[in-house]
Amino acid sequence: MMGVVGKTAAEIFDSVRTLTQTGALAPGQELPTVRDLAATLDVNRNTVSMAYKRLVTAGIAITRGRLGTVIRKQSGPGEQEGSLPGSPLADLGGGNPNPSWLPDVGAALARKPYRPRLYGEPTVDPELDALARRWLTGDCPEQFKVNLTHGAVDAIERLLAAYLVAGDKVAVEDPCFIGSVNTLRTAGLHAVGVAVDTQGMQAEALEHALAQGAQAVIVTPRAHNPTGCSLSAIRARKLRAVLARYPHVLLIVDDHFSLLAVSEYHDVIRPEARRWALIRSVSKMLGPDLRLAFVASDEQTAQRLRLRLAPGTNWVSHLLQDAVGACLSSSEVAKQIAQAREGYAQRRELLATALAAQGIAVTSPADGLSLWLPLPESSQPIVLALARHGWLVRGGEAFAVQAQAHGLRITVSTINEASAQAFASVLGYVLGQR
């Protein structure tokens, strides 16, 4: 029957997996019923049932209840942040920071000559560790440990791998950051969407996701991507109360905009939390190519991270650490970051005002590099129409988890008054033609 063989659950699992890898079983093809395959292989039904459950957990098959178990279509990489270089369109969709507001890393590094490190040296430079502690103290429980990863998405992937297995559920904001969605997909984890509003992740929706068995939660405390929303103090307290009822759940706080945010940071990590991590990347303030993020966490989580970030394996280059340390210790770079924070805020206000003059309301208040325009239906006709007029924006559907994320994410990083007025005029015209 389809070439499936085996006498144990492990053997049946391996047989089906091999058949999918060779193409003998195609995506969408239905597997035999548990009863039929058990009879064919002359094994107990529970043996086949266990094999099928493992196939579902591994993301090889999906179960449709009484409709049976079918081979799952393997997901592609999905959409990615950024835009293709050389595009003739005015880029309001890439989600990138303004290049002119990024510091001269070479100049900063020149002030601190590189010293070669060898195998066995501390994975986190002592000076950078001290800097991180000054930055993170007060924003998470005391007695935290510091690790470094290759950016925020790398941190999320490593944290989830430290505790979860394929098939586990993870509660995420819906709509959700593209990088997080792709990370969950490739790891075989199941995203459970948690609705957001202008105050961030909704507590009642999080409660529902955790009651469904979510083993981890990823929260954006401010400048949520794509909506720009930030947690209020009241909402943060409500989330802490919900999380207190699920102490076994891993809590990951992705404060990606950190020093550039105008919104206040409100902590959702309880002092007695068992498994938690606060991530602060330097991508937005120093540039995406500086692949480094600070990860503060409880001791057990830190130990698990270090198993894969140990000397001689996959630690973050000390050259990158020196560059980041030199930048974050520089008064000149601090002024640049402050100017960028003010500049992004001005650009958000500039575009929001221009859109309001056209009768177009974006989600407010907003923080981050973009504005979010909710739409009642698919964004694709609007995205295509704007492209024909020379403008590139990001359709909201790419950020969807479970609910329909109809909307436009409009990146403001390089916009000015003239381009804001021009874009608002074109968008008003396009929306009026619907």
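Quick look at the numbers
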| quantity | calculated |
| --- | --- |
| Cα pair count fraction exceeding 15 Å, expressed as % - the range 97-153 | 69 |
| Phi to ³J(HN,Hα) by Karplus 6.51 cos²θ - 1.76 cosθ + 1.60 over the range 189-202, Hz, x for Gly, Pro | 8, 9, 7, 10, x, 10, 4, 10, 9, 5, 9, x, 4, 7 |
| Estimated translational D of the range 95-252 in µm²/s (Stokes, Kirkwood radius over Cα pairs; 37 °C; 0.692 mPa s) | 183 |
| Residue 130-residue 308 FRET efficiency (beta carbon distance; Förster radius 22 Å; 0.05 resolution) | 0.40 |
| Point-to-point label distance, residue 233-residue 204, nm (Cα→Cβ direction, 7 Å offset) | 2.4 |
| Most positive-pole-ward Cα, 92, 250, 167, against dipole of the chain from beta carbon charges | 167 |
| Net length gained if the chain between residue 378 and residue 53 were fully extended (0.36 nm per residue, minus Cα distance) | 113.5 nm |
| Total lysine pairs under 21 Å (Cα atoms) in the chain, excluding pairs fewer than 8 apart on one chain | 6 |
| Extended-chain gain in nm, criterion 0.36 nm per residue less alpha-carbon gap, residue 89 and residue 349 | 91.3 nm |
| Calculated FRET efficiency for the pair residue 387/residue 289, C-beta based, R₀ 25 Å, to 0.05 | 0.35 |
| Filtered GluC sites (Glu not before Pro), the range 251-331: DSSP coil and at most 10 other beta carbons within 10 Å | 272 |
| Pair residue 212, residue 46: separation of 7 Å Cα→Cβ label points (nm) | 3.0 |
| Neighbour cut-off at most 13 other Cβ (10 Å), DSSP loop, GluC sites (Glu not before Pro), the range 126-222 | 142 |
| [x] 1.01; [y] 0.95; [z] 0.99, with the label sought being that of the calculated Rg/Rh (Cα atoms, Kirkwood Rh) | [x] |
| For the range 310-434, convex hull of alpha carbons as volume per residue, Å³ | 169 |
| Using a Förster distance of 35 Å, the FRET efficiency for residue 356-residue 299 (Cβ separation, nearest 0.05) | 0.10 |
| Amide H contacts under 5 Å for residue 370, placed H, 5+ residues apart | 412 |
| Projected label distance in nm at residue 114 and residue 62, using a 7 Å step from Cα toward the beta-carbon | 4.7 |
| Probe 1.4 Å, protein heavy atoms only - accessible area per residue of the chain in square angstrom | 46 |
| Fraction of accessible area attributable to carbon and sulfur, the chain (%, probe 1.4 Å) | 53 |
| Hz values of 3J(HN,Hα) by residue in the range 250-259 - Karplus curve (6.51, -1.76, 1.60), Gly and Pro given as x | 6, 10, 10, 10, 9, 8, 5, 8, 5, 5 |
| Alpha-carbon radius of gyration plus Dmax, which is the widest Cα pair, for the range 226-286 in Å | 12.6, 38 |
| The range 30-188: equivalent-ellipsoid semi-axes (sqrt of 5 x gyration tensor eigenvalues, Cα, Å) | 46, 24, 15 |
| For the range 109-124, Karplus couplings with θ = phi - 60° (6.51, -1.76, 1.60), whole Hz, Gly/Pro x | 5, 5, 7, 9, x, 6, 10, x, 10, 10, 4, x, 6, x, 6, 10 |
| Net length gained if the chain between residue 107 and residue 334 were fully extended (0.36 nm per residue, minus Cα distance) | 80.3 nm |
| Heavy atoms of residue 36 accessible to a 1.4 Å probe, total area in Å² rounded to 10 | 80 |
| Accessible area, probe 1.4 Å, largest first, for residues 315, 372 | 315, 372 |
| Histogram of C-alpha separations across the range 1-107, 10 Å bin width, % | 13, 35, 14, 9, 14, 12, 4, 0 |
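The values are calculated or read from the model by the stated rules, or taken from the named source; none is laboratory data. The shown structure was predicted, so the numbers you read here are calculated from the model rather than taken from an experiment. Cβ atoms come from the backbone with ideal geometry, glycine included; neighbour counts cover every protein chain shown. Ligands, DNA and RNA are excluded from the accessible area calculation, which covers all protein heavy atoms including side chains. Shrake-Rupley method; radii C 1.70, N 1.55, O 1.52, S 1.80 Å.
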